[in-house]
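Inspection log for the structure reproduced underneath, given as structure tokens.
The values are calculated or read from the model by the stated rules, or taken from the named source; none is laboratory data. As the structure is a prediction and not an experimental result, all values here were calculated from the model. Cβ atoms come from the backbone with ideal geometry, glycine included; neighbour counts cover every protein chain shown.
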Amino acid sequence: METLQPTLKRGRDVWDRINMPEMEFHRRVEKIREEMKKENIDCLLLYGKGANEYGNPCYISNFAIKMPRGALAAIPLKGDITLIVDGFSRDQPAVKSVTWVDNIRSCRDVAQECLDLLKEQNLIPSTLGFAGLKELMPYPQFQSIINALGRCKIVDAQPIINKMRMVKSFREQDQIRRSSRIIQRAFDRVCSSPLSEMNERVLEATLDYIARMEGAEDIRILVARPMERGWTMRPAENRGISDGEDIITYVAVAFERYWSEGIRTFAAGPSHFKEKTSEDAAALYQKILRMIEPGVAVTQVCKDALGEIQKSPMEYLPQYGLGQSIGLSPRELPRIAMESQDHFIENMCFTLRLALKDKENVSLMTGDTILLSKSHRECLTR
Amino acid sequence: MPQENLKLERAVEAIGEKGLDGLIVYSNGTCDILGAKNLFYFAEFRPLGPHNAAVISKSGEAVLLVEPEWDAARAKRFSWIKDVRGTADFIKTMPDLMDEFKLTRKVGVVAYKEMTEGVYKCIGKKADTETADDVIAEMAYNKTEKEVAIAREAGRITDKGFEALLKHARVGITEYELLAEIEFDMRKAGADDIFNFMSSEKQNFAMHSPTDKRLSPGDIVIAEITAAFEGQFIQLCKTVVLGRPDPVLAEKYDMLLQAHDASLRVIKPGIPASQISRSMNKVISDAGYAKYCYPPYMRARGHGIGVGSIAPGAVIDDDTEGILKTGQALVVHPNQFLPETGYLACGETVLVTDTGMERLSKTENKLYTIEV
């Protein structure tokens, strides 16, 4: 789901080499180079930007951009990988501490630095794979790259990376388990201990605090008041929460780069919250979850899910979608949407969410992060 | 006249002066502190989706287009722009909106650098474009009374953040736990965004995001604490020592305080912003550190500060040409690497007044110590 992006990722920024060993990245590079060979790509450029879309270069380097700026990993078919970071040279020690890549170049114009690199490595002309440049790079920078690479053949390499990122290795699964556990603890805390004040801002501050103390790198929180007419998800405001009111709470947490997402509908008590459940909604959620198996088309699940909801006493609220893949971005591809061309695959992590309204016009929302194995769907956030 | 009407009036004036059909103030929903957040400032609404824009016609009609569609409800509550439209597909909707507003010849585009190819082309296929970031930057310099009150509140929250640092910095706490404590207090005090960096070593090289490093006796904790209230950022740069400070550190920090005071004394409307930097550098140079007055030993002597970013005003160094204006907020910081002490943080945010400047936070400027 879309959330306010922070001006700075402010949480714990480390590379734990036990959780994510360097060998994991070498395996990815090896696999990428195999794919590059198939497409005759001489050098692959992986671009990412900002607090949400840092995944492409991070997948190879482990480096995640802390501010809404760009970074690019250049992977030649042979030789060393280079990481180009939009930032200042004095920030290099911090960058070096979280990546195994030795060649780090700081600059204020990623496109120009990339062109300089390609010239130095005699890669103009050549066949270049682009991932994320067209979709994410600021247009003036993208235009300067395109103008300067007239003699190069450009291959759209985003599908190669998407396909690889969709399947989560065991290391990646564990990282998503860790971010999921943080979400569980944050939700448990607001249900088990009194808040200093029943206020949206205090709820947000408490969830943020618990997650940060557990080592979260980034946290996103949205709330909604489903008892209010025309309610929508939104950032917390300085508004009190009365005893008996419902509040939908969306929390997404990144731990050492990897995201998880959870949504709960809470009923407010005098000083804390209790999860509000509905048997109909829970049954529906489980039915939809059981539709998801490796090999099933995403669009088929959407059709069947909507059909199932129509048969139920609940009304579906479509604006927040059914979910999406999750990992190095809170919103990875594919989205669980009718227009998707993808299939669910083994070892994919995704979020499944449902916003529903019952016959009494009471709305609720629920959502969890799920790991799909060959024969099992494991809910990571409960 | 209400301020929002002034914003619209100035935008329409600029459209006329530049011979445009209209203006598109775009946002990709992110906030890079180094770049102006034009839509946030202009529409008084911080977007969360990937594509958003205010579209203003030369006759003064204004629409706020917001993606995702569901965020339009929030935009309607916060923005002074009455005509708010949600869209699930900005790139498809924008050309229709340009037709509706007759933006078919030449249009001014604010935040062109935030646009991806798809966004730029959906505008470019309807009209010629020219960058118009200066239109919003000009508006943002002079703070209204309401904006000054917001800045003071942000200053209060920033002070709370530093109080929390003094309360929680202790031997054994990790950097990330310390920042979590600081930000918990800042959030509860009303911060709607936070931009905090720190470092905790015997000699620091630069501030960074928090790590697993545990604070130990003798550590010098440097921190840049920046809170936003209703989008307006206010910053404090401070240094705290765990334990009795080394006399050399105390002496060098005193030199930075003198440099800071010297720069504050020159602030008044009409002077070039470079004077702030030059007066600061003179004190540091006279103390024998002239070569350290340039990168990589420091970055800038200050910068503007506003809604979601350091704009308007940009970076302040010896060559900054901008002239200080009444109502302008700026950060003044002789943050400095010195060979004997490492990088030290020292600075605060001030408001340029008719007669000089007003400090926007109450935290005293000094080298802080915590007993261990």
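Residues that are in contact (Cβ under 8 Å) with a residue 40 or more places away in the chain and of a type in the set (Val, Ile, Thr) were ranked within region B:48-68; the one that is farthest from the other protein chains (Cβ to nearest Cβ) is B:Ile56.
Restricting to helices (runs of 4 or more DSSP H) lying wholly in region B:104-179: which have 2 or more residues that are under 30 Å from B:Gly190 (Cβ atoms) and of a type outside the set (Lys, Arg)? Write out each step before concluding.
Details: elements: B:117-124, B:133-141, B:145-168.
Passing ranges, in order: B:133-141, B:145-168.
Name every residue in region A:281-321 that is assigned to a loop (DSSP other than H, G, I, E, B) and away from chain B (no Cβ under 14 Å), in order of residue number. Explain how you work it out, then say what you get.
The first filter runs over region A:281-321 and keeps only residues assigned to a loop (DSSP other than H, G, I, E, B), leaving A:292-296, A:312-314, A:317, A:321.
Residues satisfying the conditions are A:Ile292, A:Glu293, A:Pro294, A:Gly295, A:Val296, A:Ser312, A:Pro313, A:Met314.
Residue check: A:Asp42 meets all listed conditions (1) within 30 Å of A:Leu322 (Cβ to Cβ); (2) more than 14 Å from chain B (Cβ to nearest Cβ); (3) of a type outside the set (A, V, I, L, M) but one, namely (1).
Every condition in (1) modelled with pLDDT under 95; (2) more than 27 Å from B:Glu230 (Cα to Cα); (3) among the acidic types (Asp, Glu) is met by B:Glu17 except one, and the failing one is (1).
If you take the residues in region B:272-312 that are among the aliphatic types (A, V, I, L, M) and modelled with pLDDT under 95, which one is surrounded by the fewest Cβ atoms within 10 Å (Cβ to Cβ)? Talk me through it step by step, then tell me what you get.
First pass over region B:272-312, keeping only residues among the aliphatic types (A, V, I, L, M): B:273, B:276, B:280, B:283-284, B:287, B:290, B:298, B:300, B:305, B:307, B:310-311.
Checking the rest, the ones that are also modelled with pLDDT under 95 come to B:273, B:298, B:300, B:305, B:307, B:310-311.
On the way: B:Ala273: 28, B:Met298: 24, B:Ala300: 16, B:Ile305: 28, B:Val307: 24, B:Ile310: 24, B:Ala311: 23.
Per the criteria, the residue is B:Ala300.
Within region B:348-367, being buried (at least 18 other Cβ atoms within 10 Å of the Cβ) and not polar (S, T, N, Q) holds for B:Glu348, B:Val350, B:Leu351, B:Val352, B:Met357, B:Leu360, B:Leu367.
Being more than 17 Å from B:Val119 (Cα to Cα), within 13 Å of chain B (Cβ to nearest Cβ) and in contact (Cβ under 8 Å) with a residue 60 or more places away in the chain is the filter here; which residues of region A:123-163 pass it? Result: A:Phe130, single match.
When restricted to residues that are more than 10 Å from every other protein chain (Cβ to nearest Cβ), touching a residue at least 24 places away in the same chain (Cβ under 8 Å) and not in a strand (DSSP E or B), region A:66-103 contains 6.
Sort out which residues of region A:15-37 are in contact with a Lys or Arg (Cβ under 9 Å, 6 or more places away or on another chain) and either among the acidic types (Asp, Glu) or at pLDDT below 95 (or both), and write them in order of number. Once the filter is applied, which keeps residues that are in contact with a Lys or Arg (Cβ under 9 Å, 6 or more places away or on another chain) and either among the acidic types (Asp, Glu) or at pLDDT below 95 (or both), region A:15-37 yields A:Glu24, A:Glu35. Applying the criterion of at least 2 residues that are touching a Gly at 6+ places or on another chain (Cβ under 9 Å) and among the charged types (D, E, K, R) to the helices (runs of 4 or more DSSP H) found wholly in region A:126-198 leaves A:133-136, A:170-192. Name the single residue that is farthest from A:Pro330 (Cα to Cα) among those in region B:1-50 being among the hydrophobic types (A, V, I, L, M, F, W, C) and assigned to a strand (DSSP E or B). Going through the qualifying residues, I end up with B:Leu23. Check B:Asp32, B:Asp21 and return the single one that is closer than 20 Å to B:Ile194 by Cβ and acidic (Asp, Glu). Step by step, each of B:Asp32, B:Asp21 is checked, and only B:Asp32 is closer than 20 Å to B:Ile194 by Cβ and acidic (Asp, Glu). Quick check on region B:130-141. Is at least one of its residues modelled with pLDDT of 95 or more, within 14 Å of chain A (Cβ to nearest Cβ) and surrounded by 21 or more Cβ atoms within 10 Å (Cβ to Cβ)? The answer is no; no qualifying residue exists. Within region A:58-83, if we keep just the residues that are under 14 Å from A:Leu123 (Cβ atoms) and of a type in the set (Val, Ile, Thr), the residue that is surrounded by the most Cβ atoms within 10 Å (Cβ to Cβ) turns out to be A:Ile75.
Return the residues of region B:272-325 that are more than 27 Å from B:Phe40 (Cα to Cα) and polar (S, T, N, Q); say none if nothing qualifies. Listed by number, the residues that qualify are B:Ser274, B:Gln275, B:Ser277, B:Ser279, B:Asn281, B:Ser285. Note on region A:179-231: among residues that are within 9 Å of chain B (Cβ to nearest Cβ) and of a type in the set (Phe, Trp, Tyr), the one that is surrounded by the most Cβ atoms within 10 Å (Cβ to Cβ) is A:Tyr209. Answer yes if at least one residue in region B:69-86 is at pLDDT 95 or above, assigned to a strand (DSSP E or B), more than 8 Å from chain A (Cβ to nearest Cβ) and under 24 Å from B:Glu138 (Cα atoms), and no otherwise. Within region B:69-86, not a single residue is at pLDDT 95 or above, assigned to a strand (DSSP E or B), more than 8 Å from chain A (Cβ to nearest Cβ) and under 24 Å from B:Glu138 (Cα atoms). Among the numbered conditions (1) in a strand (DSSP E or B); (2) of a type outside the set (Phe, Trp, Tyr); (3) more than 25 Å from B:Ile173 (Cα to Cα), the only one that B:Thr369 does not meet is (3).
Here is a list: A:Thr299, A:Thr265. Which entry is within 23 Å of A:Ser329 (Cβ to Cβ) and of a type in the set (S, T, N, Q)?
On the way: A:Thr265 fails: within 23 Å of A:Ser329 (Cβ to Cβ).
After applying the criteria, what remains is A:Thr299.
The set of residues in region A:104-116 being more than 14 Å from chain B (Cβ to nearest Cβ) and either part of a strand (DSSP E or B) or among the β-branched types (Val, Ile, Thr) (or both) consists of A:Ile104, A:Arg105.
Being over 30 Å from the mean Cα position of the chain (by Cα), more than 10 Å from chain A (Cβ to nearest Cβ) and in contact (Cβ under 8 Å) with a residue 40 or more places away in the chain: is that true of B:Lys92 here?
Numbers: over 30 Å from the mean Cα position of the chain (by Cα): yes; more than 10 Å from chain A (Cβ to nearest Cβ): yes; in contact (Cβ under 8 Å) with a residue 40 or more places away in the chain: no.
When the stated conditions are applied, B:Lys92 does not pass them.
Consider region A:241-279 and keep the residues that are out of contact with any strand residue (DSSP E or B) (no Cβ under 8 Å at 6 or more places or on another chain) and of a type outside the set (S, T, N, Q). The one that is surrounded by the most Cβ atoms within 10 Å (Cβ to Cβ) is A:Tyr258.
Test of understanding: among A:Met20, A:Met1, A:Met36, which residue is in a loop (DSSP other than H, G, I, E, B) and either more than 10 Å from every other protein chain (Cβ to nearest Cβ) or surrounded by fewer than 16 Cβ atoms within 10 Å (Cβ to Cβ) (or both)? Just a single option satisfies the conditions, and that option is A:Met20.
Look at B:Leu236 and say whether it is within 25 Å of the chain's Cα centre (by Cα), part of a helix (DSSP H, G or I), in the same structural domain as B:Thr349 (by TED's automatic domain parsing) and touching a residue at least 60 places away in the same chain (Cβ under 8 Å). First the steps, then the outcome.
Values: within 25 Å of the chain's Cα centre (by Cα): yes; part of a helix (DSSP H, G or I): no; in the same structural domain as B:Thr349 (by TED's automatic domain parsing): yes; touching a residue at least 60 places away in the same chain (Cβ under 8 Å): yes.
No: the conditions fail for B:Leu236.
Among residues belonging to region B:200-226 that are among the polar types (S, T, N, Q) and at the interface with another protein chain (Cβ under 9 Å from one of its Cβ atoms), point out the one that is surrounded by the most Cβ atoms within 10 Å (Cβ to Cβ). Give the derivation first.
First, the residues of region B:200-226 that are among the polar types (S, T, N, Q): B:200, B:203-204, B:209, B:211, B:216, B:226.
Retained after the next criterion (residues that are at the interface with another protein chain (Cβ under 9 Å from one of its Cβ atoms)): B:209, B:211, B:226.
Values: B:Ser209: 24, B:Thr211: 19, B:Thr226: 28.
So the residue we want is B:Thr226.
With respect to the conditions (1) touching a residue at least 24 places away in the same chain (Cβ under 8 Å); (2) assigned to a helix (DSSP H, G or I); (3) farther than 30 Å from B:Tyr292 by Cα; (4) more than 14 Å from chain A (Cβ to nearest Cβ), B:Asp185 falls short on a single one, namely (4).
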